Every structure is written in C-alpha cells, then in structure tokens.
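Read through the structure below, which is laid out as structure tokens, and then see the notes.
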Amino acid sequence: MSGTISALLYLVSGVCFIMALRGLSSPETARQGNFFGMAGMVVAIGTTLALPSVLSYETIILGIVIGGAIGTLIARRIEMTALPQLVAAFHSLVGLAACFVAVAAFFKPEAYGIGVPGLPGAIGTASLIEMSLGLAIGAITFTGSIVAFGKLQGLVTGRPLVFPMQHPLNAVLGIVVFVMIGWLIADQNPTAFWLIFAVSLALGFLLILPIGGADMPVVVSMLNSYSGWAACGIGFTLSNSLLIVTGALVGSSGAILSYIMCKGMNRSFFNVILGGFGGETAAAAGGPGGDRSVKSGSAEDAAFIMDNASSVVIVPGYGMAVAQAQHALREMGDILKKGGVTVRYAIHPVAGRMPGHMNVLLAEANVPYDEVLELEEINRDFAQTDVAFVIGANDVTNPAAKTDPTSPIYGMPILDVEKAKTVLFVKRSMASGYAGVDNELFFRDNTMMLFGDAKKMCEEIVKSLEH
C-alpha cells in the first residue's frame, strides 16, 4: 500500500473516531457512536497490516487471536457493576503497550525509522523527547490504573492512603523524571531510560494511592486522558499520524471529562490529585442504637406512598448497580406510570464509580432516555415532587454538602431530594457512603428508610403495587 493511500485511510479512520466521540455524547446516539468506533478501528488495523513495514503476519495474527479471545470472554462475562474496574484495567494495558513500544524503539531505532543516518543506534533529539514522554506517561498510567482497579475491585481500601511528606516526595519524583529525560536526550544512556521507566512506575502508585473512593470517577476519566497522551507520544515516535490523532482525541476528551467530573464535585483537578477524600466506613455515627433515630418502613409502605403520589423522581446510585436492581426498578416505574404517576430519573454527574455509570445501567434496563435527567435539569423540580425514591445513592444526596462547612464534601453540588414531600431511601444499612461521610438526610422527618437489598426491595414493591 502506498503512503498516500494509507494516509487517506488513516484520515477516514480518524474521522470515524471523531464521529464515535460525538455519538457517545448522548444515550440516543451511543450505539451509533460505538459502530463508528468499531468501523474506524477495523480500517486502522487493516491499513496498518497492509503497510510494507509489516514483517511477521503470523505473530500479529496470533496476538489478535489471543487478545480477541480474551476480550470476547471478558465482554461476555463482565457484570455491569464491574465496568469501572474493567475500564481501569484496560487503561493499564494501554499504558503498558506504550511502554513496550518505547522500549522496542529505543533499542532498535532503525526498525522504527527514528535512527540518525550514518550513526548506528543513535536516535534524533526530537524522537528521544517524544519517546521519553510517552514512556513516562505510559508507566504512570499503567501503575496508576492498577491501583484504581484495586480500589474499585475492593482489593485495596477505598480510604485515602496518606503518609507524611507524600506530596514533597511526589514532587521530587516528578523532578527526577524530567532530569532523567534531560540526561537521556543529552547522552542516550540506557540507564537514564530505565530510570525514567522505574521512577514513573513508582509515581503512578504514589499519585493514585492517596486518592479516596469518592474521587474515583475523576480518577477513571483522568487515567483515560493519560492513556490517550501516552498513545499520542508513541505516535510521534513511530511517525504514525493515526496514533497521534487518536491519542490526542482520547487525551483531550478525557481531560474535558475530568473537568466536568471535578465541576460536578465542586473540586479542582489539583485538589483531587493532591488531597483525595473518601472511603467506606463501617457505620454512620447516628445509626441504630446511636443518639439519633430514623424512621424505617417496609416495601408495602413504600408502595402505598408512591401509588398515591402524582410525581416520583427516582435517584439511582452505586447500591442499585451492586444489587443489579435496574430491571426491577424499571418494572416498578412502569407500573407507577400505568397508574397515572409521573416518573422520572435523576442522575448526578459522579453517581457510581465512573462517568455515565448510572446511564449505562438504566439504558440496559430499557428506561426511556427522555425520562433520565441530569442534575441541572431536575434539581429545581424536587420541591414540587411528591416522592424522591433514592436507591443506593448516598453522597450525592447528602445535605451536609450545603450545610456543614467542616464536611469534606462541602460545596459539592447535590441532588436536592430533601426538598421532596417524602424521601424513600433504599439502603442495606446505616453505613456511610464511599466518601466516608454520614448522611444527615437519613434523620430528616420526611425520610423513610427502606433497609434491605435494593433488587429485593424493588421486587417486593412491585408485588405490592400489583395487588
């Protein structure tokens, strides 16, 4: 394949990726966006395989078969609740791939077209800069994503793991990385190359470990951005225009998404990186047996209240995802609508463990897109709502974000469910949310706690509504 044709096909692939991002910006067009993404990837892989620089089709085909088989198996078996950690795991592989390409290019520059003519083994200055940056970002993405995976999977505590002088240590390691990059550019010394790799790996661990569970949505989107910039840097090393374009698309979109997530939590990006908060705690201080009491009810009570309401707003959270309650919840909503009740769903930007987590689950249950509203669209309506049905959402409904200046979530925009006439709160126990903050909404006069598994509770409400 000629260079002109391959460049044209790479351009087509890049346009497909842009259309994919555009499609994924809305639930209505997300499926179409996925098809654009798949089409772009098929064109990209086919074009790359047709390049004259490809030497071993056997090795490539073997890799595609092995990777495709693993990916298919994971896709068929993965639970929707595990999507955040799956995304984090995939980010780690992107970072590791960038590191592997950097290693290969460093030790065989001629094979990648970055060697200096007449000087065997020598690499141009520009290529060394691109390679070292891709290596550093890739290594940080790899280990940072592993830590994020561990936190989301429950293998590592969701609490911030902090220690004295952690920020100065991270700053020193960052400076060391840049010093090693300068050494590599000046001397092309393998020791400098491996030091960049090793220090960046350590920096990835140290950057993400202190970040608490409440900041995980930001971390997931941030690591997505890192993986894109790593791919972009390696694209420059390989002089591959598609990798550059695709990496820049992923990097910039991930950065924008991180900004949106930070705005949704009223936190700055640096505030997240330098001072993460949140983690599970055993129980709220005012739980059963404490100084404060709560009003609890049954599925029959909830069914009676909602059946006699004119409007219900359902607020899903990670508890719904864990219980796989979205289908039972949709069935409950359908029955209420048949009875003349106006039913809508309210989504907080950081509900769940990754951006769009709740939207994906509701879409899986075939909840109509026009009934799913974002915080800015629904918040003003809670004061005129008869029932707010909160199912597994904790921190994003906590009034302490507005009333308690000492709370770590103070200033975070929340769903104003406490303004509804009645709040039905489905929860397994009085345990605090992922931010490790007690929810004072539990103790409000207009709140009724529905203790139990979210899916079972919804199924029991459905039975009561049908009788």
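The values are calculated or read from the model by the stated rules, or taken from the named source; none is laboratory data. Bear in mind the structure is a predicted one, so any value in this text is a computation, not a measurement. Note that we place each Cβ from the backbone using ideal geometry, even for glycine, and neighbour counts take in every protein chain shown. Quick note on the areas: whole protein, heavy atoms, side chains included, nothing else; ligands and nucleic acids left out. Shrake-Rupley method; radii C 1.70, N 1.55, O 1.52, S 1.80 Å.
Some points to look at:
- Some residue of the stretch 255-264 being within 30 Å of PHE451 (Cα to Cα), at pLDDT below 85 and hydroxyl-bearing (Ser, Thr, Tyr): no
- Of all residues in the stretch 374-386, those that are free of Cβ contacts under 8 Å to residues at least 60 places away in the same chain have Cβ atoms under 8 Å from Cβ atoms of residues that are surrounded by fewer than 18 Cβ atoms within 10 Å (Cβ to Cβ), 6 or more apart or on another chain, in ALA383/LYS419.
- Residue among LEU195, LEU184, LEU249 that is more than 27 Å from the chain's Cα centre (by Cα), in a helix (DSSP H, G or I), surrounded by fewer than 20 Cβ atoms within 10 Å (Cβ to Cβ) and at pLDDT 90 or above: LEU195
- Criterion: of a type outside the set (A, V, I, L, M, F, W, C), within 28 Å of the chain's Cα centre (by Cα), open to solvent by 50 Å² or more (accessible area, probe 1.4 Å) and under 23 Å from PRO210 (Cα atoms) - qualifying residue of GLN153, GLN166: GLN153
- Of all residues in the stretch 198-229 being closer than 30 Å to LEU21 by Cα and β-branched (Val, Ile, Thr), the one that is surrounded by the most Cβ atoms within 10 Å (Cβ to Cβ): VAL219
- Applying the condition of being in contact with a His (Cβ under 7 Å, 6 or more places away or on another chain) and within 22 Å of THR397 (Cα to Cα) to the stretch 306-365 and asking which residue is surrounded by the fewest Cβ atoms within 10 Å (Cβ to Cβ) yields ALA321.
- Pick from the stretch 415-441, criterion part of a helix (DSSP H, G or I) and modelled with pLDDT under 90, ranking: most open to solvent (accessible area, probe 1.4 Å): GLU440
- When residues of the stretch 124-146 are limited to those that are open to solvent by less than 10 Å² (accessible area, probe 1.4 Å) and of a type in the set (Val, Ile, Thr), the one farthest from the chain's Cα centre (by Cα): THR143
- Of the residues making up the stretch 31-39, none is over 30 Å from ARG353 (Cβ atoms), of a type outside the set (S, T, N, Q) and out of contact with any Leu (no Cβ under 6 Å at 6 or more places or on another chain).
- Among the residues of this structure, GLY138 counts as one that is over 29 Å from VAL322 (Cβ atoms) and assigned to a helix (DSSP H, G or I).
- All positions within the stretch 170-181 that are farther than 14 Å from ALA102 by Cβ and modelled with pLDDT of 90 or more: VAL172, LEU173, GLY174, ILE175, VAL176, PHE178, VAL179
- Within the stretch 452-467, the residues that satisfy the criterion of being under 16 Å from GLN324 (Cα atoms) and either open to solvent by less than 70 Å² (accessible area, probe 1.4 Å) or touching a Lys or Arg at 6+ places or on another chain (Cβ under 6 Å) (or both) are GLY452, ASP453, ALA454, MET457, CYS458, ILE461, VAL462.
- Answer from SER53, SER25 - the residue that is within 24 Å of the chain's Cα centre (by Cα) and part of a loop (DSSP other than H, G, I, E, B): SER25
- Which listed residue is open to solvent by less than 70 Å² (accessible area, probe 1.4 Å), over 23 Å from ILE211 (Cα atoms) and not hydroxyl-bearing (Ser, Thr, Tyr), from ILE60, ILE70: ILE60
- Output for the stretch 1-44, where each listed residue is farther than 27 Å from ILE260 by Cα, open to solvent by 50 Å² or more (accessible area, probe 1.4 Å) and β-branched (Val, Ile, Thr): THR4, ILE5, VAL12, VAL42
- Total residues in the stretch 108-120, condition surrounded by fewer than 22 Cβ atoms within 10 Å (Cβ to Cβ) and in contact (Cβ under 8 Å) with a residue 60 or more places away in the chain: 2
- Any hit, the stretch 387-401, residues being among the hydroxyl-bearing types (Ser, Thr, Tyr) and open to solvent by 10 Å² or more (accessible area, probe 1.4 Å): no
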